[in-house]
Structure formats: C-alpha cells, structure tokens
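See structure below.
The values are calculated or read from the model by the stated rules, or taken from the named source; none is laboratory data. These numbers were taken from a predicted model, which means no experiment stands behind them. No Cβ is skipped: glycine too gets one built from the backbone with ideal geometry, and neighbour counts run over all protein chains shown.
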Amino acid sequence: MDGNSSMSVESPLSCAHCGKPARLQCPKCIELKLPPAGASFCTQDCFKKSWNSHKSVHLKAKSNTPAEHEGWLYCLRKGQKRSPSLPYFDWTGTLRPYPISKIRLVPNGIEKPDWAIDGIPKVEPNSDFQNIVEIKTPELIERMRETCRIGREVLDAAARMIRPGVTTDEIDEVVHKTTIAAGGYPSTLNYHFFPKSCCTSVNEVICHGIPDARKLEEGDIVNVDVTVYYKGVHGDLNETYFVGEVDEATKQLVRCTYECLEKAISIVKPGVRFREVGDVISRHASMSGFSVVKSYCGHGIGELFHCAPNIPHYGKNKAVGVMKAGQIFTIEPMINAGVWRDRLWPDGWTAVTADGKRSAQFEHTLLVTETGVEVLTARLPSSPDVYPWLKK
Ligand SMILES: [Zn+2]
Ligand SMILES: [Zn+2]
C-alpha cells in the first residue's frame with residue numbers, strides 16, 4: 001500500500017490551518033487513533049505550516065493514555081501523584097531515580113498474600129506473632145524449605161543477568177517471571193504499595209531500591225532482594241553483585257558484608273541471645289573500618305512476611321529473647337563504607353547512605369535446629385559463581 005493513501009479523508013472537514021475544505025489527515029493522528037477534527041488539512045503545505053503547533057497533540061495523547069500514565073514516571077510516596085519530572089531532594093550521592101514501568105500482573109491461578117489487591121497487609125500487623133516468636137511445626141518448616149529454595153533459584157536467575165547496560169527493571173522482569181513460573185507470588189509486589197517484584201539497591205542505596213529504567217554501569221554494585229510467597233509462606237534472601245570490574249575498596253566492602261552474615265549465622269543455635277547477632281556483625285565490620293546500618297533489621301518470617309523477632313545488626317543493641325529450635329528468621333546486615341546513618345528518598349522506599357558512600361547487604365532465611373542452624377536459602381551447586389572468595 002502506498003504510504004500517502006492514509007492521508008485521504010472523505011468527510012467534509014475544514015483545514016485546521018486555513019479553514020478551506022480538508023482532504024488530508026495527519027498520519028500520526030491516524031496512528032494514534034485521534035479524531036480527524038483539528039487534525040485535517042487542505043494541502044500538504046497547510047499541514048507543514050501547522051506542524052510546529054500541531055505536533056504537541058501527539059505527545060499529549062500519549063501521556064493521557066491510562067496505561068502510559070501508570071508507568072514510566074517517577075515513583076512517589078503513596079498519596080502523592082506520580083511525578084513526570086524528578087522530585088526535588090538533597091541527593092546524598094550521584095544516583096538518581098529513573099522512570100519505573102507499569103505494574104506487572106500475576107496470573108489468576110497463583111495464591112496471593114492479602115495485600116496483593118489493595119496494597120494493605122491485614123493479617124500481618126494484627127498477628128500475635130508480632131510479639132511472640134513462633135515455633136514452627138515440622139509441616140510448616142517443610143513448606144518454608146520449598147519456598148526458600150524457589151527464592152534461591154529466582155535470585156540466581158537475577159544474578160546471571162547482571163552486567164553493564166542491563167536496567168534494574170529488566171532484573172525485576174526476570175524475578176517476576178521466574179517467581180510466577182515456579183507457581184509463586186513475588187511478596188514485595190504491592191506490599192504497602194511497593195510497586196515492584198523485588199528490591200534493587202545500587203551503590204549508595206542501602207535497601208528497598210525500586211527497579212527502574214537506569215542501566216547498570218561498569219563498576220556499580222547492585223543488591224537484589226527477592227521474597228517469594230508459595231504454599232502460604234514467604235522465603236526472603238538477597239545478595240550484592242558486582243557489575244563488571246569494580247574498584248578494590250568496593251570489593252572489600254562486599255566481601256566484608258558477606259563475611260558479616262556468615263559469622264552471624266555461625267553463632268545461631270538454641271540458647272543464643274538475639275542481641276548477640278549484632279555484636280558479631282559490628283565487630284567484623286568495624287575491623288575493616290566499615291559501619292553498620294541501624295534503621296533496618298532482620299525479622300521473623302513464615303506465613304507472615306515480617307514478624308517477631310526483630311534482629312538488629314549493630315552492636316550493643318537491646319533486642320530481647322533467646323533462640324529456640326523451630327524458629328525461623330532472617331539475618332540481613334547492611335554495611336556502609338562511610339557513616340551508618342541513612343536517609344529516605346521522596347519515593348518513601350529508597351534508603352540511601354547519608355554521606356552518599358556505598359552500602360552492601362546479604363540476607364538469608366534461617367531455621368534454628370536442635371544443634372545449630374539450617375540455611376533455608378543456601379546457595380546451590382547450580383548457583384552462579386560470582387564471588388571470587390568462594391572459588392575453589
Ligand atoms: Zn529480603
Ligand atoms: Zn528480609
């Protein structure tokens with residue numbers, strides 16, 4: 001078909017430029033299915049003369065499409081309108097938010113937590129298990145094993161795609177699809193209105209970064225935090241990855257953070273005080289000149305995403321209680337190259353270091369056993385070989 005044929009119109013419209021009978025319609029307007037009134041012209045000449053003022057109609061039409069409006073805009077705190085431009089903030093480092101894509105859908109057959117539809121957890125905040133640390137039944141423990149194993153496979157799928165040029169939104173897409181393919185729901189999706197299926201925290205982001213259109217750059221670090229809901233229980237884990245070649249100081253920060261988690265796990269067994277976890281982590285971090293984030297803690301997990309116990313990662317904390325066999329919780333130290341203090345971006349989620357220096361994190365979901373600990377989200381023989389210190 002001839003390209004010009006779409007320009008012909010039969011209806012008696014008048015030229016938007018000179019008012020004479022029109023016989024041409026703007027091809028872009030046809031493509032966007034916009035009405036011919038105001039978009040019709042008598043001649044190519046009138047069309048060309050109108051172009052500068054007319055073309056804004058196309059942009060306007062695009063931004064008014066509901067699906068478009070929902071996505072590719074900056075995420076702001078619930079209650080505020082999503083912003084078409086960067087909000088004002090006293091940014092602590094060089095990272096900035098990028099537009100986020102529209103909400104990803106979860107098929108009907110998949111069991112969803114109670115916040116999936118309206119963004120509000122209902123059972124979780126009112127549960128007795130916010131105060132009492134649940135001792136899990138063998139049946140629940142078995143379900144936790146399955147869910148945590150899926151979580152590990154999902155995180156590994158994300159790890160395999162980390163390289164310069166990949167956007168954190170593309171990572172989110174893989175997390176979302178892999179979770180669903182396994183029959184699970186990505187727990188973070190719509191949890192207190194969090195808009196994505198995982199958290200991606202780049203460089204100075206401590207945690208809860210929102211996947212967006214920013215491309216990972218050579219020398220970045222990115223933490224991917226995955227939680228899967230499957231068979232009525234949640235499994236939660238995260239790792240920090242290198243993007244291409246990173247500088248020596250960053251390698252040390254990430255390795256130290258990995259070791260902090262390993263050392264914390266090594267003390268877990270019945271009778272150990274929850275507050276001791278923070279002492280072990282802070283001792284190892286400060287040995288390397290790093291600091292420990294105080295605002296975000298490890299947490300109980302099971303049929304609830306977040307519940308008792310609360311496990312601080314910093315030293316001399318006042319956490320109450322001792323570990324008992326059958327308890328399940330996460331340990332997830334966030335270690336900063338500079339100061340421990342954090343600040344929150346205007347999106348209400350992204351926690352960044354107050355001085356803009358880098359932060360790393362690792363997380364496992366752990367079961368206290370009669371003799372020690374079982375790492376439910378442990379690396380598998382198939383997990384990608386991304387840490388030089390783990391190579392044989
Ligand atoms: Zn997590
Ligand atoms: Zn967690």
Handout entry: Residue ranges of strands (runs of 3 or more DSSP E) in segment 202-265 with at least 2 members closer than 30 Å to E139 by Cβ, within 16 Å of ligand 1 (Cβ to nearest atom) and among the acidic types (D, E)
Key = 233-242
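Condition check ((1) in contact with a Phe, Trp or Tyr (Cβ under 7 Å, 6 or more places away or on another chain); (2) within 21 Å of H192 (Cα to Cα); (3) not in a helix (DSSP H, G or I)) across all residues:
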residue	(1), (2), (3)
G109	no, no, yes
D114	no, yes, yes
I132	no, no, yes
R143	no, no, no
L155	no, no, no
P164	no, no, yes
Practice task
Kindly indicate whether A264 is within 15 Å of ligand 2 (Cβ to nearest atom), in the same structural domain as G356 (by TED's automatic domain parsing) and in contact (Cβ under 8 Å) with a residue 40 or more places away in the chain.
Solution key: yes
Problem - Qualifying residues in segment 28-77 (those that are modelled with pLDDT of 70 or more and β-branched (V, I, T)) - the one farthest from H17 (Cα to Cα) - result: I30
Problem - Count of residues meeting criterion [within 16 Å of H299 (Cα to Cα) and of a type in the set (V, I, T)] in segment 117-137 - result: 3
Practice task
Determine, yes or no, whether G321 is surrounded by fewer than 23 Cβ atoms within 10 Å (Cβ to Cβ) and assigned by TED's automatic domain parsing to the domain that holds I267.
Solution key: yes
Exercise for the section: Looking only at segment 323-359, count how many residues are within 15 Å of ligand 2 (Cβ to nearest atom), in contact with a helix residue (DSSP H, G or I) (Cβ under 9 Å, 6 or more places away or on another chain) and either of a type in the set (G, A, S) or in a strand (DSSP E or B) (or both). Expected result: 3
Practice task
Look at D114 and say whether it is closer than 28 Å to G184 by Cα and modelled with pLDDT of 95 or more.
Solution key: yes
Fill in the blank from the handout: If we ask which residues in segment 112-136 are in contact with a Lys or Arg (Cβ under 8 Å, 6 or more places away or on another chain) and not β-branched (V, I, T), their number turns out to be 3
Problem - Candidates I221, I171, filtered to the one that is away from ligand 2 (no atom under 16 Å from the Cβ) and more than 20 Å from G93 (Cα to Cα) - result: I171
Practice task
Please work out which residue is nearest to the chain's Cα centre (by Cα), limiting yourself to segment 282-322 and to residues that are among the hydroxyl-bearing types (S, T, Y) and in a loop (DSSP other than H, G, I, E, B).
Solution key: Y296
